[in-house]
Structure formats: structure tokens, C-alpha cells
Amino acid sequence: MNTKRPLIWLLASYLAGIGVFQLPLPLVYGGSISLLIVVLWWLFQKKAPKQRFYNYYFLLLLPFLFVTGYLLMNHQIKVPPGDNRFTIKTNAVAEGVISLVEENDNYTRITLKNSKLELEDNNYTNLKLLVYAEEGKPYIIGNKVYVTGTVIKFTKASNPGQFNEYLYYKSKKYDYKFYADSAVITDTRTSSYYQTLYTIRKQLTGIYYKLLPEKNAGVLTAMMLGDTSYLEEDIKELYRENGISHILAISGLHISLLGLTLYKIFRKLHMPLFLATAITLFFLYSYGILTGFSVSTNRAVVMMTVYMAAVLAGRTYDLLSGTAASALIILLRSPLDITSAGFLLSFGAVIGIGTVYPALSKALLKEKKNEQKRISPNMKMSSRESLKRIYEETMVYLWNNILIQTLLSSLSAQLILLPVLLWFFYEIPVYSPLVNLLIIPVSSLLTILAFLAVLIGCVSIPAGVFLMGGVNYILVFYEAVCRLGANLPGKSILTGRPGILTIASFLILLILFTRCNKQKGRRISLFLMIPMLLIFIPHPVNNLQVTFLDVGQGDGIVMQLPGKTTLMIDGGSSSVKKLSKYRLEPFLKYKGIRIIDYAIVTHGDADHYSGVLEFLEEDYKGSVRIKNLLLPGVDLKDETYTNLIKKARALGVRVSVLNTGDALSLEDVSIKCLWPGNDFESGTDKNSHSIVLSLKYGEFDMLLTGDLEGEGEERIIEQITQSGSMVTALNGYEVLKVAHHGSKYSTSSEFLKAVSPLYSIISCGIDNSYGHPHEETVTRLLESGSQILKTTESGAVTIITDGKSMKMEEWLR
């Protein structure tokens with residue numbers, strides 16, 4: 001057993017407790033007690049060496065940390081006490097102490113701790129609220145404020161790939177967000193220390209914006225102060241595409257440069273070791289608070305603290321032990337951080353450098369031998385030969401000690417972070433190692449110049465401006481490199497989210513690679529890289545997968561046919577803005593889909609096409625492309641249709657129409673259009689000419705109805721019931737997409753009798769103004785014997801079938 005790194009054992013035990021948070025409490029207690037008994041027996045058995053307890057006493061902490069992880073995780077994921085009092089939002093009043101103030105051009109946001117929330121006649125205390133308050137009003141940390149307005153629940157991810165606002169803010173221990181109509185300061189007491197740091201942060205932000213162009217000022221504010229609210233969206237996306245988002249976070253580099261520089265200065269001034277260490281750590285802690293103490297900042301500060309404590313105690317610093325200590329401290333404060341991309345990326349990079357880098361170096365680089373000839377003092381060389389020899393040795397040093405090491409460090413971090421990147425972002429930035437090779441070496445210089453520019457600028461403004469000019473040129477260089485990478489062919493490989501077994505297989509191969517190169521380099525082990533990378537290559541689906549997305553008040557259906565063909569039937573919402581960006585594209589990337597072969601808009605209501613239109617906009621910057629656009633076969637002179645056709649043709653998208661009798665036969669899947677008829681005149685009612693599609697795959701049948709009602713519904717009944725009908729679902733449909741979000745004016749009893757659906761899926765928004773689904777429709781569906789699934793309750797509903805059997809998955813369940 002390895003006793004060199006007990007902190008790793010302690011962290012592993014705590015993580016195990018977090019991992020089993022869903023188990024019953026008695027089972028967890030029983031397991032912990034059993035583990036404690038085994039440890040005690042092993043430590044104190046008669047034949048045990050005398051030094052065993054001294055060497056392994058830390059094992060006694062394992063059961064306690066296991067239980068602690070379990071209890072803290074369950075405590076943090078607990079539903080806030082007022083949740084059952086309202087659905088999404090309600091009027092409320094609250095009072096609490098300001099612990100954080102955030103201001104930018106778009107909003108003023110304050111955090112209230114130890115808050116009391118009043119909902120109707122009920123009071124809930126000790127809450128943490130995120131309050132969007134009146135702009136321009138002075139809010140001071142430590143003040144107590146009384147606010148009236150609307151309390152809102154954080155949004156849970158109801159679709160695969162969607163950002164989980166609820167989980168993100170839960171990890172930061174927020175309970176609700178609150179939009180204040182009015183705010184009154186009831187206690188003017190302040191927290192001088194925290195308010196001073198906030199003031200310094202505002203002043204530094206102002207200095208950056210005075211000395212730099214607005215775009216680069218936003219980048220530097222993110223890098224140096226941890227505030228991404230000023231960062232332009234296209235720059236953020238550009239950095240992410242090139243795999244250098246880590247540059248925008250407070251990193252160990254910033255903390256190390258700051259801490260070590262201050263420490264060295266204090267020691268040069270003959271300050272006592274303990275005092276120099278204490279002042280340096282206090283400064284780093286203050287810098288952490290000033291920058292918002294993100295996960296990466298927290299990690300760096302704790303690791304620097306462990307390093308300086310090791311120096312103070314005269315002990316050797318161990319990178320992996322410092323990393324484990326930092327992770328344990330962060331997760332003790334917030335176990336849910338284990339689910340965040342920031343935590344996994346920050347710690348993964350350090351672990352990669354600490355474990356994969358040595359193995360990669362041994363496998364790729366030859367062991368250094370004293371083969372280089374030294375220049376002997378007695379060796380006679382001409383000045384020209386001496387300069388040539390010095391130049392050659394300098395180039396060899398730069399190549400071996402800077403470029404190669406930087407490249408291998410970047411590769412090591414990228415390699416271990418690959419499953420994390422694919423889990424959260426679904427694609428591999430191909431040129432990331434090369435971009436990092438150009439970016440990382442100058443990041444130290446940027447950090448130093450940025451700090452010096454502010455410090456020297458306080459004494460001499462021209463000198464500060466001069467130094468900040470260097471920062472500006474580096475940021476311009478960063479952007480130029482990223483734009484070059486973004487314009488290269490094959491800039492990314494979209495894989496979709498990998499499965500748990502795929503990630504486990506990758507990690508096993510990676511561990512095997514590091515073990516092969518632990519003692520000495522074995523280049524043959526590099527062949528393990530091939531299956532490690534090939535394992536993430538996506539495979540075409542071999543069945544039919546249909547997902548009814550939760551798009552709020554609207555419709556959005558994505559079909560993946562056996563093979564590689566993808567269809568989208570509708571994609572719009574009247575309640576979710578920027579639907580393509582926040583729900584449709586994230587889902588498609590989650591599934592590894594970049595091309596929509598057929599986008600079918602059933603009719604011209606915005607809640608059925610708004611997201612599709614966003615994909616066709618000229619300024620759309622995403623990666624999803626549509627090949628064919630299919631519209632209802634009616635008079636298309638309506639502005640909605642002419643706009644869609646114009647934008648589609650401008651992008652080279654083929655436009656066609658669907659009428660009764662038209663069919664698509666793709667990958668053993670038959671999709672027939674039942675409505676609208678060629679002779680149908682809908683007038684101004686767009687719902688009446690909604691495209692109706694009947695899908696058949698083997699023994700599986702599904703009916704998609706758009707917003708069908710009235711005459712169209714009657715014609716469908718005729719088609720299904722008449723003898724010799726083109727509709728093949730003679731025994732009823734397995735799945736019905738309920739028309740018009742469950743409106744009482746559609747889905748009649750006669751229609752349900754003809755269709756006879758086993759499952760009925762209703763797509764609508766929570767607390768929508770239309771009251772969908774109407775009670776009358778729900779009653780008719782239940783009376784027909786159909787099982788109802790609503791996107792408001794189930795989130796995205798996915799049906800997977802091989803044409804014989806069917807499996808249904810509900811994302812929120």
C-alpha cells in the first residue's frame with residue numbers, strides 16, 4: 001500500500017460517499033461501520049508490525065469521510081423549502097444581507113445571504129437569493145436590503161445538451177433568483193474588507209477599459225479579475241472552438257506568479273519566513289475573493305497554500321497531494337462542484353501534467369546522455385565558430401526545454417481532458433494542441449505586463465499605457481491565432497456525448513499507458529493512443545430514434561433514422577427566445593448531429609418555426625446546417641413562408657412542399673403525408689393546413705399532427721377508416737403527437753377512436769397563457785385508453801425502436 005499520498009485516499013473515500021448519494025442512509029451507515037471494523041482489525045491485529053498504525057492511521061478517516069460526502073451531497077441537493085408553494089414564479093418579498101455586488105452594462109445583480117423570503121402567509125429563512133435589482137442605486141456589501149418583486153425558480157435542463165441553470169446555481173448554493181421591483185436599504189452597516197475588495201475590482205475594471213479597446217478590455221477583465229460578464233460572446237466562442245477557454249479563467253499561473261513574486265520580495269527584504277508566508281497567503285486569499293473565488297482560483301490558492309506550508313515546514317511539495325487537498329477542500333464546501341465542467345477541467349489539467357506528462361515524455365523522448373561536447377577552455381575556436389556553437393546550443397535548449405515541454409504538457413492535459421470536453425461540449429478542437437503551443441508561452445508575459453501596467457500606472461500614466469500596449473498586442477495575437485484556427489478545414493470533430501462505458505474504457509487505456517511508462521519509456525506503448533482516440537468515433541444509429549424536445553410553448557421533434565439521416569419536424573417556441581442557440585443546437589450536438597437532412601415546417605405559426613428560421617439567418621454562427629426545407633403544399637404567398645423560402649435559398653437550401661400522398665422512404669422508414677390536400681384552401685387559418693405525417697418502421701407506427709384541427713382532422717379520420725387506405729396503421733398508432741399542444745378544439749373523440757394511440761405526447765409550456773393542455777382534451781385522451789406524456793413533466797421524450805419493440809425515455813424522470 002502506498003502511504004506517500006494519504007490525501008488521495010481521503011479524497012477517494014469522500015468522492016465515493018458523494019457517488020452513492022442515492023442509496024438509503026442505513027445502507028451507507030452499515031457500509032461505513034463495516035469498513036471501520038475492517039480497518040481497526042487490520043491496524044491492531046496481533047501480528048501487525050509496530051509501525052503499521054503510525055504509517056496507516058489515516059485509514060481511520062476513510063469511513064467518516066465516506067459518510068460526510070454522502071450527507072453533504074444530500075444536504076446540498078435538497079429542494080428549497082418554498083418550492084411547493086409555486087410552479088415557476090410568484091410575487092414575494094425578501095430581506096437579507098448583501099454579500100456580493102455585480103454590475104455591468106446590462107444589469108445590477110446582488111447576492112443576499114441569510115435571507116428571509118415571504119410567500120403569501122409563509123416565511124422561509126436562511127436562504128441565498130440572486131437578486132436583479134434597480135440599476136444606478138448604490139449597493140454596499142454588508143447592507144441589509146428589503147426587496148419586493150418576483151421570485152423565480154432556476155430552470156432545470158429539460159433536454160439533453162441544455163444548460164442546467166438549476167444545477168449550476170445549486171452548486172453555488174443559491175436557492176432562487178429574484179427580480180426586484182423595489183429595494184430599500186434597512187441597515188447601513190457594511191463589511192469594510194469585502195467592500196474594499198469590491199471597490200478595487202471596479203477600479204481595476206475601469207482602468208482596463210480606459211487603457212484598452214473595449215473587446216480586449218473584456219478579455220483581460222475575464223483573465224485577471226474572473227469577470228466574464230464583459231466578455232463579448234463571439235470572442236468567448238472563438239476561444240472555446242480553439243480549446244483555449246482555460247486562458248479566460250484565473251489559473252495557477254496567475255496565483256503562482258503573484259504568490260512567488262511577493263514571497264521573494266518579502267524574503268529579499270529580510271522578512272521572517274513565517275511572516276512573509278502569512279502575508280503572501282493573506283494577499284492570495286484576498287485576490288481570490290476579489291476575483292470571485294471560482295473553482296480554478298480556489299484550486300490554485302489552496303495548492304499555493306499547501307506549497308508554502310510545505311516550505312514553512314521544511315517538507316517536499318507533492319503536486320498530486322496538493323491537488324487532492326485542494327479538491328477535498330472545495331468539495332467539502334460544495335459537493336455539487338464535482339458535476340461542473342470548470343472543476344473537472346481545472347483539476348484534470350493538473351492531474352494530466354502530474355501523471356500523463358511524465359509517461360508521455362519517457363515514451364517520446366530519449367533519455368538525456370552527456371553526449372554534448374563541452375567547449376573546453378583550451379579548445380581553440382574562431383569567433384565565428386563560437387557564435388555558431390552558442391547559437392546551435394541555444395536552439396537545442398529552446399527546442400528541448402521550451403517548445404517540446406510546452407507541447408507535451410499541452411498534449412498531456414488535452415489527453416486526460418478529452419472525455420471531459422466531449423461530455424460537456426461534444427466535440428474535439430483538432431488544432432487545440434498547436435494553438436496552445438503558440439498561446440501558452442506568452443501567457444506568463446501577459447500576466448506580468450497586466451499587473452505591472454496597473455502598478456506602474458499609479459505612479460506614471462505614460463509608463464502604464466506603454467506596458468498595457470504590450471498586453472493589447474498579445475491579445476490581438478491571441479485573436480489572430482484563434483481566427484486562423486477557426487478558418488482551417490476540419491477545425492473540430494463532432495462526436496456527441498460519449499457513454500459511461502466509453503469513458504471508462506478510455507481511462508483504463510490511459511492508466512495502462514502511464515503504468516507502461518512509469519519506470520522507463522516504452523515507445524510501443526504509444527500504440528495504445530490509437531484505440532484511445534478511435535473509441536470516441538461516433539457510430540451511426542441502427543434503430544429509429546425520435547425525440548420530442550421540450551421547447552416551451554411550441555413544437556420541436558428530431559428524428560434519427562437508421563444510418564445517418566436526420567429530420568426535424570418543426571422547431572419553434574413562443575416562450576423560449578433564441579431557441580436554436582439554447583435548446584435545438586445543444587441537443588443536436590449532444591447527439592453528434594451537424595446536418596439536418598430534412599427540416600419540415602408543418603405550418604406558419606412562430607411557435608413551430610422560430611428556431612428553424614434562426615438556423616437560416618445570415619448572421620447565424622453555429623455549426624448546424626439544413627439541406628432540405630419542406631413546407632405545406634398550400635398558397636405560400638404568406639409573409640412567413642416567403643421569408644423562410646428567401647432565407648433558405650440564399651444559403652443553398654433546397655425548398656419543396658408536401659401534400660396528401662407525398663412520401664419519403666428513407667432507411668426502411670416510410671413517412672407519408674396525409675394532409676394538406678392539393679385542393680385545400682386554408683385562408684388565414686394556418687392551423688387548418690398543418691402538415692400531418694404518418695410514419696411506419698416495421699411494426700411501429702406514429703402520427704404527427706402539427707396544429708391540426710377542423711376540416712383537416714375530419715379528412716384524416718376518413719383516410720384512416722376508409723377501406724384500401726394508404727394509412728398502414730390498421731391496428732392503431734403506437735405514438736400520437738397531440739395536435740395544437742392539447743387544445744380542446746382538436747383531437748376529438750372520433751379522431752382518437754380512429755387513431756387509437758397507445759401513447760400520446762403533448763408539447764407545451766409550463767403555465768402557458770393558453771391553458772394548454774385543456775382539461776377536455778386530457779379527459780378524451782384518458783377515456784381512449786392512451787397514456788399521456790407532457791414535455792412540461794417529462795422534459796424531452798425519446799422513443800427508440802427497432803421496428804418490433806419500443807423503449808421510451810423521459811429526460812426529467
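Thr705 satisfies every condition listed in (1) of a type outside the set (Lys, Arg); (2) touching a residue at least 40 places away in the same chain (Cβ under 8 Å); (3) on the phi < 0 side of the Ramachandran plot; (4) out of contact with any helix residue (DSSP H, G or I) (no Cβ under 7 Å at 6 or more places or on another chain) except (4).
I'm trying to understand the selection: among the residues of the range 20-40, which are in a helix (DSSP H, G or I) and open to solvent by less than 60 Å² (accessible area, probe 1.4 Å)? Scanning the range 20-40 gives Val28, Gly30, Gly31, Ser32, Leu36, Val39.
Using the structure shown, decide if Ser505 is under 26 Å from the mean Cα position of the chain (by Cα), assigned to a helix (DSSP H, G or I) and modelled with pLDDT under 90. No, not satisfied. Note on the range 265-292: among residues that are in contact (Cβ under 8 Å) with a residue 40 or more places away in the chain and in a loop (DSSP other than H, G, I, E, B), the one that is farthest from Leu331 (Cα to Cα) is Thr291.
Screening the candidates Asn122, Asn143, Asn159 for the property of being farther than 30 Å from Ile77 by Cβ and either among the β-branched types (Val, Ile, Thr) or touching a residue at least 40 places away in the same chain (Cβ under 8 Å) (or both) yields one hit, Asn143.
Report yes if some residue within the range 69-91 is among the hydroxyl-bearing types (Ser, Thr, Tyr), within 30 Å of Asn768 (Cα to Cα) and assigned to a loop (DSSP other than H, G, I, E, B); otherwise report no. Looking for residues that are among the hydroxyl-bearing types (Ser, Thr, Tyr), within 30 Å of Asn768 (Cα to Cα) and assigned to a loop (DSSP other than H, G, I, E, B), one finds at least one in the range 69-91, hence yes.
The helices (runs of 4 or more DSSP H) found entirely in the range 181-256 that carry 2 or more residues being β-branched (Val, Ile, Thr) and open to solvent by less than 20 Å² (accessible area, probe 1.4 Å) are 214-225.
Residues in the range 47-68: is at least one open to solvent by 90 Å² or more (accessible area, probe 1.4 Å) and in contact (Cβ under 8 Å) with a residue 60 or more places away in the chain? There is no residue in the range 47-68 that is open to solvent by 90 Å² or more (accessible area, probe 1.4 Å) and in contact (Cβ under 8 Å) with a residue 60 or more places away in the chain. Against the list (1) more than 29 Å from the chain's Cα centre (by Cα); (2) at pLDDT 95 or above; (3) assigned to a strand (DSSP E or B), the condition Phe64 fails is (3). Taking the range 545-662 and the helices (runs of 4 or more DSSP H) fully enclosed by it, the elements with 1 or more residues that are crowded, with 23+ Cβ neighbours inside 10 Å, more than 23 Å from the chain's Cα centre (by Cα) and not hydroxyl-bearing (Ser, Thr, Tyr) are at 606-616, 639-650. Looking across Ala327, Ala310, one residue alone is open to solvent by less than 40 Å² (accessible area, probe 1.4 Å), in contact with a Phe, Trp or Tyr (Cβ under 8 Å, 6 or more places away or on another chain), closer than 29 Å to Gln22 by Cα and assigned to a helix (DSSP H, G or I). It is Ala327. Restricting the range 346-361 to residues that are aliphatic (A, V, I, L, M) and under 14 Å from Leu512 (Cα atoms), the residue that is surrounded by the fewest Cβ atoms within 10 Å (Cβ to Cβ) is Ala359.
If you check every pair at least six apart or on different chains, which have Cβ atoms under 7 Å apart with a residue in the range 74-95 that is closer than 16 Å to Thr155 by Cα first and a residue that is of a type in the set (Asp, Glu) and not in a strand (DSSP E or B) second? Close Cβ pairs satisfying both conditions: Pro80/Asp175; Thr87/Asp767; Ile88/Asp767. For the condition loosely packed, with under 13 Cβ neighbours inside 10 Å, aromatic (Phe, Trp, Tyr) and in a helix (DSSP H, G or I), Trp9 does not qualify. The set of residues in the range 134-173 that are open to solvent by 40 Å² or more (accessible area, probe 1.4 Å), assigned to a loop (DSSP other than H, G, I, E, B) and touching a Ser or Thr at 6+ places or on another chain (Cβ under 6 Å) comprises Glu135, Ile140. In the range 734-765, which residue that is under 17 Å from Ser574 (Cβ atoms) and of a type in the set (S, T, N, Q) is nearest to the chain's Cα centre (by Cα)? It comes out as Ser763.
The values are calculated or read from the model by the stated rules, or taken from the named source; none is laboratory data. Just so it is clear, the structure is predicted and the values come from calculations on it, not from any experiment. All Cβ positions, glycine included, derive from the backbone under ideal geometry; neighbour counts span all protein chains shown. To get the accessible areas, we keep the full protein, side chains included, count just its heavy atoms, and leave off ligands, DNA and RNA. Shrake-Rupley method; radii C 1.70, N 1.55, O 1.52, S 1.80 Å.
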